[in-house]
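Here's the structure, in structure tokens; my notes come after.
The values are calculated or read from the model by the stated rules, or taken from the named source; none is laboratory data. Everything quoted here is computed from the prediction, not taken from an experiment. Neighbour counts run over all protein chains shown; Cβ positions are idealised from the backbone, glycine included.
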Amino acid sequence: MYDEIVIVTGNRPLSGSHLLLSVESPRQAQATRPGQFAMLRILGRSDVLLRRPMSIYDLKAKNSEGENDRKPGSPRILQFLYKVVGHGTRLMSELKPGDQVGLLGPLGHGFFEEEYLPRAHQANEILHVAGGIGIAALLLPAKRLAEAGFHQRLFFGGRSKADLVGVEDFRPLVRGILMATENGSAGYRGFVTRPLEEYLARHTNKKYLLMVCGPWAMLRASVELARKYGHPCLVSMENRMGCGLGVCLGCCIRVQGTGHEAYQRVCTEGPVFWSEKVIWEDEAIAKT
Amino acid sequence: MSAKTKTRTHGLRASQGPPASRQSPPDDGHASTGEQFIPQIETEIAGVRFQNPVWTASGTFGYGKEFSSLIDLNELGAIVVKGISPEPMEGNPPPRIYETESGMLNAIGLQNVGARRFLTEKLPFLRTLRARCIVNVFAYSTEDYVRCLEMLNEGEGIAAYELNISCPNTRCGGMVYGSDPKLTEEVVAASKKVARYPLFVKLSPNVTDITVFARAAESAGADALSLVNTFVGMAIDIETRRPRLWNVTGGLSGPSIKPVALRMVYQAARAVKIPIVGLGGISTTEDALEYFIAGARAVQVGTANFYDPGTSVRLVQGLRDYCQRKRLHLSEIIGSLKIPERATPIGTEG
């Protein structure tokens, strides 16, 4: 974990209020493990006090000018795929190349291979299930798994076609992509969990590992499907965060456990949890 | 009100001359060549010496170790650890925090590991630091405050206790103590009787007159006061028409509370003789200096630790730089607020 002031190298608008922010920090890029995040600080403002947690979407070796790195394999750039949803993200969307931002990261217990690789080896296929901007947490894990030769498939749902950003980044990594939009502007019309269930029901003889990230309701529905069809499932959670370091205890979610173990921090024990660990009846989170 | 210009250096006798290290003449813009002024920023509170007066506030710095890879913990004057209760506590359901304009609301619910686990798991590391360890303590009944202190008394290397009588998030105990002078006296007196280490009392700002509570704590035996804790506040989601916090209300902290917290420190420092530790919205050296000038012997950095972990250490250096520039020692700054002579008394507003 490092606390640095870094330079923005790009902030590219995509469809549907999404942008791809690139910042340069060789130290943090090289320390990043899949599923981790960073806390981004807009400098010099008093209207936004707290940092914003951003999934580390991708890592790049070169900067946006295409300048070659002496060691082409070692990453220097961190990329954040995000959607403008409030004041903090709106300020982020105004960042330009050359601007400075505060970057604290990499943070969190991501999709750490030691913990899911045994399950991944038992699976015929790894199913990534993304809801909207939840896709941002899944690209690095998918890249790592593809390098290791695992078969993967993406189920990607959103409100409309404009929300399905990042699809092209996944294409080389997976055997198939199934898209779903609530308004039918792309792929299946409806929630992505419907085609996901059809797929699971069609292949009851297969073993899968699900990796899910998206809005609460979608997470909950996907976890229920995983349980129904008997597949292990990892979820990447989100919550409002105060520090991202594990000291404020603001981002805790209710998990299996009692007393001091009843809550775990999304920023430290998470953001990735085995789905059985999380207590899903906690409606309070659904409102965040 | 006295017509005298108020330049009280809190806690120091006027007969105490300038420390020996100040060899050069007062600042007139022409320092003697070759003589360096080394500002003293050590502070002493209730017999405990601190290498500097910049501490970190309870609930904002965990148990210290979490920050060890980001800053040099040995640069701090003290670390006040997260509030400890006799038994572990789970805390509130989410949502526990919400950002506000220049601040934040929190309703964490005092989640902590409990006294036993603190002693075995957290204190050993804290003892290794040059930063002193102050343990924030809370409970829901006077008997439990006493019980918690008795458990913590078994720990070695604790510099002081900070009695939390002012947490606004729980439904019983904390809030009640901090807003009733008699209960304040009761819990402070009972705690002082059993406390092995000096007892600092952290006051709640959710009161009409902070001086009443400062005096109540002092008369009951408090060795020092920290003020202030968070202000009770709330926020509402207009789309769902629900509170933003599960607990409905929470504690407001951050830069937005500084003017009010500072005013309370100023008032309390005039009302009691025991030392004051100031906190509330401190994020820059300038903020900290305002508190020293108002009468605080030490300050705590709280919410700023969340968004700028380097704040506390930066303030230590900032304080040194200010003292160097002014050719003053910390002791000469504390309580040095100058209020010019006025024909009419100063009111409480405007």
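Do any strands (runs of 3 or more DSSP E) lying entirely in the stretch B:30-96 carry at least 1 residues that are away from every other protein chain (no Cβ under 14 Å), surrounded by fewer than 17 Cβ atoms within 10 Å (Cβ to Cβ) and of a type outside the set (D, E), and which ones are they?
Where strands (runs of 3 or more DSSP E) fall fully within the stretch B:30-96 and carry at least 1 residues being away from every other protein chain (no Cβ under 14 Å), surrounded by fewer than 17 Cβ atoms within 10 Å (Cβ to Cβ) and of a type outside the set (D, E), they are B:48-50.
Checked against (1) more than 14 Å from chain B (Cβ to nearest Cβ); (2) touching a residue at least 60 places away in the same chain (Cβ under 8 Å); (3) closer than 30 Å to A:L209 by Cα; (4) part of a helix (DSSP H, G or I), A:Q30 passes all but condition (2). All conditions in (1) more than 14 Å from chain B (Cβ to nearest Cβ); (2) modelled with pLDDT of 95 or more; (3) more than 26 Å from A:C213 (Cα to Cα); (4) out of contact with any helix residue (DSSP H, G or I) (no Cβ under 9 Å at 6 or more places or on another chain) hold for A:D3, with the sole exception of (1). Within the bounds of the stretch A:191-203, is there any residue that is part of a strand (DSSP E or B), among the hydrophobic types (A, V, I, L, M, F, W, C), closer than 25 Å to A:A123 by Cβ and more than 14 Å from chain B (Cβ to nearest Cβ)? Scanning the stretch A:191-203 turns up no residue that is part of a strand (DSSP E or B), among the hydrophobic types (A, V, I, L, M, F, W, C), closer than 25 Å to A:A123 by Cβ and more than 14 Å from chain B (Cβ to nearest Cβ). Those strands (runs of 3 or more DSSP E) of the stretch A:219-286 in which 2 or more residues are within 7 Å of another protein chain (Cβ to nearest Cβ) occupy A:252-254. Looking at B:T128, B:T120, B:T100, just one residue is within 23 Å of A:G246 (Cα to Cα) and in contact with a strand residue (DSSP E or B) (Cβ under 7 Å, 6 or more places away or on another chain), and that residue is B:T100.
Only one of the numbered conditions (1) at the interface with another protein chain (Cβ under 9 Å from one of its Cβ atoms); (2) in a loop (DSSP other than H, G, I, E, B) is not met by B:M104, and that is (2). Return yes or no: is A:C267 buried (at least 24 other Cβ atoms within 10 Å of the Cβ), touching a Ser or Thr at 6+ places or on another chain (Cβ under 9 Å), closer than 19 Å to B:N305 by Cα and modelled with pLDDT of 95 or more? So A:C267 fails the test.
Scoring B:I334 on the criteria (1) at pLDDT below 95; (2) in contact with a His (Cβ under 7 Å, 6 or more places away or on another chain) leaves a single failure, condition (1). Taking the residues in the stretch A:51-68 that are touching an Asp or Glu at 6+ places or on another chain (Cβ under 9 Å) and modelled with pLDDT under 95 as candidates, determine which candidate is surrounded by the fewest Cβ atoms within 10 Å (Cβ to Cβ). The selected residue is A:K62. Quick check: anything in the stretch A:195-208 of a type in the set (K, R), under 19 Å from B:P95 (Cα atoms), in the same structural domain as A:F155 (by TED's automatic domain parsing) and touching a residue at least 12 places away in the same chain (Cβ under 8 Å)? No, because not a single residue in the stretch A:195-208 is of a type in the set (K, R), under 19 Å from B:P95 (Cα atoms), in the same structural domain as A:F155 (by TED's automatic domain parsing) and touching a residue at least 12 places away in the same chain (Cβ under 8 Å). Taking the stretch A:124-156 as the range and being farther than 22 Å from A:A180 by Cβ, among the small types (G, A, S) and touching a strand residue (DSSP E or B) at 6+ places or on another chain (Cβ under 8 Å) as the test, only A:A146 passes.
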